[in-house]
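Notes for the one structure printed next.
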Amino acid sequence: MKKNTIVMLGGFIIAGAIVFLLMAATPGSSGVELKLKDLLANQEKHKEDFVTVEGLLIEESIKWDADKIELKFDVKDNEGNIMHVVHNGVRPDNFSEGVITILQGSPTGNNHFTAETVKTRCPSKYEGEDMENYDPEAHKEKLDKKTSTEE
């Protein structure tokens, strides 16, 4: 074989290996994003998929086992559909009633879900106020107080 052919063949093998590693390392990019209702209706269909789904946390369902580092809880949607979740990992910081949970993992059937990642968000906590009620003087006072305490 010529030297150029060997170099090109090696380059193709390296490029193929890089593409394979990128695809294997990012399962979320090949996943499916579903509503809770749709996931529960089609659990068997998505059993092999990496799924992203959101639901409202039901606080009284939380069971945290620190020894096993296992978190079990239920989530619901606005229509009352409930899914039982198991996550082997740490408990998120703001894990309380009314928090929206973003789950990534796979359904295991019978309204159960094994989550690889659990993220939370609370939109009402971060939403701004209506601009009609904006008072620039009150904003200036708060800013002045903050600046004076930092000095």
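A few points about this structure:
- Number of positions in segment 96-109 that are assigned to a loop (DSSP other than H, G, I, E, B) and either within 13 Å of the chain's Cα centre (by Cα) or touching a residue at least 40 places away in the same chain (Cβ under 8 Å) (or both): 3
- Taken residue by residue, segment 33-46 has at least one member that is without any contact (Cβ under 8 Å) to a residue 24 or more places away in the chain, aliphatic (A, V, I, L, M) and surrounded by 10 or more Cβ atoms within 10 Å (Cβ to Cβ).
- Index of the failed condition, Glu60 passing every other in (1) at pLDDT 90 or above; (2) in contact with a strand residue (DSSP E or B) (Cβ under 8 Å, 6 or more places away or on another chain); (3) farther than 22 Å from Asp38 by Cβ; (4) not β-branched (Val, Ile, Thr): (2)
- Test: residue in segment 56-79 that is in a loop (DSSP other than H, G, I, E, B) and touching a Lys or Arg at 6+ places or on another chain (Cβ under 7 Å): yes
- Unmet requirement for Phe73, which otherwise passes all of (1) buried (at least 17 other Cβ atoms within 10 Å of the Cβ); (2) closer than 14 Å to Leu34 by Cβ: (2)
- Residues in segment 41-54 that are modelled with pLDDT of 90 or more, under 18 Å from the mean Cα position of the chain (by Cα) and within 17 Å of Asn110 (Cα to Cα): Val51, Val53.
The values are calculated or read from the model by the stated rules, or taken from the named source; none is laboratory data. Worth saying up front: this structure is predicted, and the values here are computed from it rather than measured. Using ideal geometry, Cβ is built from the backbone for each residue, glycine included, and neighbour counts are taken over all protein chains shown.
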